[in-house]
Amino acid sequence: MTSPISLPKRVAMIAGAFVACGFAAQALAFDEEAAKALARQNKCLQCHSVEKDKDGPSYKKVAAKFRGKKDAEEKLIHHITSGEKAKFEDGHEEEHKIVKTSPPNDAAQIRNLVQWVLAQ
Amino acid sequence: MDDDKPGVFKRLWTFFARPSAKYSVLAIASVFFVVGILFWGGFHTGLEMTNTLDFCTTCHEMRDTVYQEYKETIHYSNRTGVRAICSDCHVPREWGPKMIRKARASLEVWGKITGDIDTKEKFEAKRMTLATHEWDRMKASNSQECRNCHAFDAMSSELQKQTPYKKHMKAKEEGKTCIDCHKGIAHHLPKEYKDPDE
């Protein structure tokens, strides 16, 4: 029995699936220990926790807020690297701490941290 | 007979123990006063030379590791140009504690001679131990070297952001000390370190 989908189409679909899997794997391929180390070094855990709200929201809450949004990573990266204002529960606003890396301004380390937060 | 002649130490002792018939007490006291000042000045000049950034980074063990990390922090470079060097944080200013710290530093010289941390790998393997020693020392002194420059009372509620100000005032009430929350402020945290809230 011959398939209703032509050979070139099948090849294209399989290739597309591989590419999609590649992107998905890349999105999940964060280094958890490196992310936690950067969070510790920057004292993120003074105001955040994975599970519970502190002065800042829990990482689970942050991840839920951004789930399914395609610009989530970029928004969070901007949030923790630009000194953008963060709104607190009591209504006041304060510049979010700018996360620092060693060596300085290492975008890959920042992205890794954000990916870990979004995976909670 | 030569055999009856006292030894060198005995003769030296006799010389020092004999009351002076030639010099006045004032002259002797003056000489001791001046020599004392020269000795004390020389001692402290030498000691202060071991407190400089150049001295601390003479050894590659410090220069290639913690010094490079420190150079990326606010204690090295900041808006106002005030720099805290190694000794500002790691050597007490008070005379007694400073002497104790310097005496203990002789162990670091021993570490240098024996090559205890002479490679990056060896240093990383001992980082937690070394950091813990320093955190314990700071905790025991109520973070005195931090407080030589920083004080809860000098923190302005208008100039400091609300959240850190609130945390600082709470820490003051609870009797916490700087190093309780600010570990790793000038160096990388050891990989074994876990945050108390984790």
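Extent along the principal axes, Cα only, for the stretch A:69-120: 34, 26, 17 Å, with the longest axis given first. Placing dummy labels 7 Å off each Cα toward the beta-carbon, the span from B:ILE113 to B:HIS150 is 3.7 nm.
Can you tell me the equivalent ellipsoid semi-axes for chain B? Use √(5λ) from the Cα gyration tensor, largest first, whole Å. Values for chain B, descending: 47, 24, 16 Å. For the stretch A:20-120, relative contact order (Cα pairs under 8 Å, six or more residues apart, normalised by length) works out to 36 percent.
Counting alpha carbon pairs within less than 8 Å and at least 6 residues apart, what relative contact order, in whole percent, applies to chain B? This gives 20 percent for chain B.
Inter-label distance, B:SER30 to B:CYS181: 6.0 nm, where each label sits 7 Å from its Cα along the C-beta direction. Here the relative contact order of the stretch B:72-174, from alpha carbon pairs under 8 Å that lie six or more residues apart, stands at 19 percent. Under 4 °C and 1.567 mPa s, how fast does the protein assembly as shown diffuse according to Stokes-Einstein, given a Kirkwood radius computed over C-alpha pairs? Answer in µm²/s, whole number. So the translational diffusion coefficient is about 52 µm²/s. The Cα atoms of the stretch A:28-111 give a gyration tensor whose axes a ≥ b ≥ c have a/c under 1.5, which makes the shape rounded.
Rule-based calculations on the coordinates, nothing more; no lab input. What you see is a predicted model; the values in this text were computed from it and never measured. Methodologically, a virtual Cβ is constructed for each residue, glycine included, from the backbone with ideal geometry; neighbour enumeration extends over all protein chains shown.
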